[in-house]
Amino acid sequence: MAVILGKIRDLTGLLKFAKTPGRGGVLAIQNYHVFFPSGGDMTRSVNGALVVAIAAFLAVLLLPEAGFTQEATSQADPVVEASTPEAEVTPEAEAQPPAADATVEPAGEPAVDPEEQPADEPTSDEPAVQPADEPTTDQPPVQALTDEGTADSEAEADPEALTDEIPEEGLVAKEPKPSKLKLDGYYWVHFGMTSGFAMDETGARDGLNKILDHRLRIRPTLAVSKSVDIVANVDILAGQLAGDTTNASADILLVPRHEKRFTSRSTLRELYLEWHAPVGNLRVGQMHSHWGLGLVANNGEDDLEAFADSMLGDRVERVQWTMKPGAFFDDSLFAKNLYLSLAADLVFSDDHASLIDGDLAWQGVGALYWNGNVIEEKYDMFTGVYIAYRNQKYANKDRLEVMAFDAFTSHSVALGSAGVRLNVAAEGALQVGKTDAFLGERAKKGVDVLAWGLAARAEVEVPKYRIIPGLELGLASGDADREDGLSRAFSFDPDYKVGMILFPELLGRTTAWSAHRVTDPSLQGRPSKGYDLAITNGAVTNAFYLYPRIKITAAKGLDIRVAFLWARALAYVSDPFNSNITLGGYPVGYRGGKPSKDIGYEIDAGISYTTPKVWGPFAFRIGLQGGLARPGAAFNDAFGDSLGSIYKIRALLDLTF
């Protein structure tokens, strides 16, 4: 054991130099994460050889001594995840100014071993709303104490499960088995091809038509004693293997596409120590920040239910304490399932800050939530509130000070005796504060922040017919007047995926192109400070959308998904470049057309097959997805002509273990 601990200390020293994506927009205050600066070129890109060395270290040195145990993990989180934030995210939500980091962990892990699930319950397709008692993706803003308080519990096996519940029989958590290493993860290769479309009135395009990405992620958990675990999460290999590239806004995008590199996104995601104390649960180190559905705080884990890949994830350097305050005075059902979680964060990386790039963001986070069975095997519930205070100083000396208030609730109710279940979840967030990262024509010293957003999901599991119909709706406030002293635009976390084309491709790439044009040295004028904050990075912002969908399990492991997305803006969609530079402030669309609120609609479909275990703990998942979008009037040209249809095709190959 002493040898293992010594190796762990050496490993933690090496891992601190891993890098994550740079800072994103500030205006739509969403997520906040903390990263450790490494200095020099090491801080600008991840050293692929270093990450590979870390993987080899874990495999060669730890496995023989710790007793290796494989565990298949589900890549897809339920449509509505428990309100427990990522393992380390709980407190982070508080620190999110523009958009507090609060979400239900997205379906980010590889599909669960198909052999372990009934035929009517696909391995990687969890219900839209995870029961409150399932800590995998439904963890409160502040990690709750696990029922078993050990690395062996399902909640702990998921490094991002923030809710480690205290055992029902009392405050003293059960001790995990010592000297045991659990390891799960996945490797995927995903190909995407999108039809080209005009991004401005000249018909210019960014050229991103074909992209081939890959990712190898491992999540080891080592029980070093009866009450202490060390949890890690590492992207060993991650980047763009082949395809098209563009320099458009490469210096300000969260996920730039200016180069093809095997390890451009390789990084250390989590490395923290967890102590299961008799009266609570303590976590210290770098971890994800996640709360509720993930509108504000999102761990960035892959979601098998989504039609797009998660690329980021909020990360913070955190000290977090979670306990059951009522258990000291009462042994009632309410007291045993009431959790209080407090955390202090230094944001390592999220959509608004990057410690490596020089942004310094501090957060204080708190969450109070109830998570448990209202009626055994009949009704599970998770309900809580999350508050975060964030004080940030950007590398350029701009300031951001925001309070985020986030409420999340999820319910899973059995209907009858045929296994039918209704899953419902909803999250709403409000951001209040001020920043001088954005200046308006009538706000020369900065702006106040007042933005809000919400999302709700409902689905019905019908095992007899192997179908799960569902409906999601969302709202993100917009800003009809960008030049006054109030910023009203709310943006969902970029890793909260809605649809395949409208938000990730059409709006994400068009807004990036507009910001790129502003930097053209031939221009005579210059936009107001903060023009780059108009880039959406593929996130939902200034929109109301309806997103019905259905999943059909045609056979064991074979899933078919169909979805329809309709979206409309709350404030007129306008191009900052044309509006501010070309027309002196008069709003106009991205292609020179009249301002409109009509974003458009799209139809998405996908089919996937997950094999049984083919070799030890390994299983494969292959899939094919396609989408067709019809952009609305917001993308018309000056003559009123529409942009035309846009299609996208995705091919997926995943290996899970």
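The values are calculated or read from the model by the stated rules, or taken from the named source; none is laboratory data. These figures come from a predicted structure and were not determined experimentally. Neighbour counts are summed over all protein chains in view; Cβ atoms, including those assigned to glycine, are modelled from backbone coordinates with ideal geometry. To get the accessible areas, we keep the full protein, side chains included, count just its heavy atoms, and leave off ligands, DNA and RNA. Shrake-Rupley method; radii C 1.70, N 1.55, O 1.52, S 1.80 Å.
What the table shows:
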{"item": "Å² per residue, accessible surface of segment 222-325 at 1.4 Å", "result": "25"}
{"item": "Hz values of 3J(HN,Hα) by residue in segment 317-324 - Karplus curve (6.51, -1.76, 1.60), Gly and Pro given as x", "result": "8, 9, 10, 10, 10, 10, 8, 10"}
{"item": "Residue-normalised accessible area of segment 562-629, given per residue in Å² at a 1.4 Å probe", "result": "45"}
{"item": "Estimated FRET transfer efficiency (Lys378, Asp330; beta-carbon r; R0 25 Å; 0.05)", "result": "0.60"}
{"item": "Mean shadow area of segment 545-657, taken as a quarter of the surface of its Cα convex hull (nm²)", "result": "9.3"}
{"item": "Sparse-neighbourhood loop sites, chymotrypsin sites (Phe, Trp or Tyr not before Pro) in segment 210-287 - DSSP loop, at most 11 other Cβ within 10 angstrom", "result": "none"}
{"item": "Peptides ranked, highest mean first, by Cβ atoms within 10 Å: ranges 366-374, 330-338, 410-418, 595-603", "result": "366-374, 595-603, 410-418, 330-338"}
{"item": "HN-Hα J in Hz across segment 566-575 - Karplus 6.51, -1.76, 1.60, θ = phi - 60°, x for Gly and Pro", "result": "10, 9, 9, 7, 8, 10, 4, 7, 9, 8"}
{"item": "Over 20 Å (Cα to Cα) - which of Lys180/Lys324; Lys378/Lys464; Lys497/Lys551 fall in this group", "result": "Lys180/Lys324"}
{"item": "Protein accessible area in segment 437-505, 1.4 Å probe - carbon and sulfur %", "result": "60"}
{"item": "Phi to ³J(HN,Hα) by Karplus 6.51 cos²θ - 1.76 cosθ + 1.60 over segment 618-625, Hz, x for Gly, Pro", "result": "8, 9, 10, 9, 10, x, 9, 10"}
{"item": "Dipole moment magnitude, nearest 20 debye, segment 176-302 about Cα centre, only Lys, Arg, Asp, Glu C-beta charged", "result": "680"}
{"item": "Computed over segment 379-463, the ratio Rg/Rh where both radii use C-alpha atoms and Rh is Kirkwood", "result": "1.26"}
{"item": "Portion, in percent, of the accessible area of segment 556-657 that falls on carbon or sulfur, probe 1.4 Å", "result": "65"}
{"item": "Charge dipole (segment 390-489, unit charges on Cβ, about Cα centre) - positive-most of Ala395, Gly474, Gln431", "result": "Ala395"}
